Ligand code: NI
């Protein structure tokens, strides 16, 4: 397992639409391992493959919030099947937008479908943090970031901050 470097805004890779996984190969299993390792190291509760620069429809998550009882999930080609009318506000962050947190309103409950690493199709209902997380991560596969749900003013402010930081890094 390898910890891979994270892709940070304003990197345009984060706006790519990721491609479906066609077959679960050893490369895909390796990618899942690396994504989990990178996510736990960060630490974060979710990671999409594009966040380590690979534009395929894969997500890792662990919302257990416990170091002792890890509950890693690997979602291949995940999709949202249903969302509740009721909304919920949760303070979100993103490993591609370090140390920035804002409240985002999303459907409170979702039903989603994905393929696991054994190639089995799984359908699952979620609420709470898992519901928020799965929506946030599937957004990444479609080039959408949580800051897209904020006001233009807030989004511009955070983009400007990270563009300046990227320029500083490039100039250093
Ligand atoms: Ni994210």
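Placing a pseudo-label 7 Å from each Cα along the Cα-to-Cβ vector at residue 154 and residue 125 gives an inter-label distance of 3.0 nm.
Residue separation of residue 27 and residue 41 scaled by 0.36 nm, minus their Cα-Cα distance, works out to 3.0 nm of gained length. Dividing the helix sum by the residues of the chain, where each DSSP H run of 4 or more adds -39500 (n - 2.57), gives a mean residue ellipticity at 222 nm of -9500 deg cm²/dmol. Taking 0.36 nm per residue of sequence separation and removing the Cα-Cα distance, the residue 116/residue 81 pair yields an extension gain of 10.9 nm. By the equivalent-ellipsoid construction on the alpha carbon gyration tensor, the chain comes out with semi-axes of 25, 21, 15 Å, ordered largest to smallest. With a simple spin-label model that places each label point 7 Å from the Cα along the Cα-to-Cβ direction, the separation between residue 103 and residue 165 comes to 2.4 nm.
No value in this document is a laboratory result; all are computed from the given coordinates. Remember, it's a predicted structure, so these values are computed and weren't measured experimentally. Glycine gets a Cβ as well: all are built from the backbone with ideal geometry, and neighbour counts include every protein chain shown.
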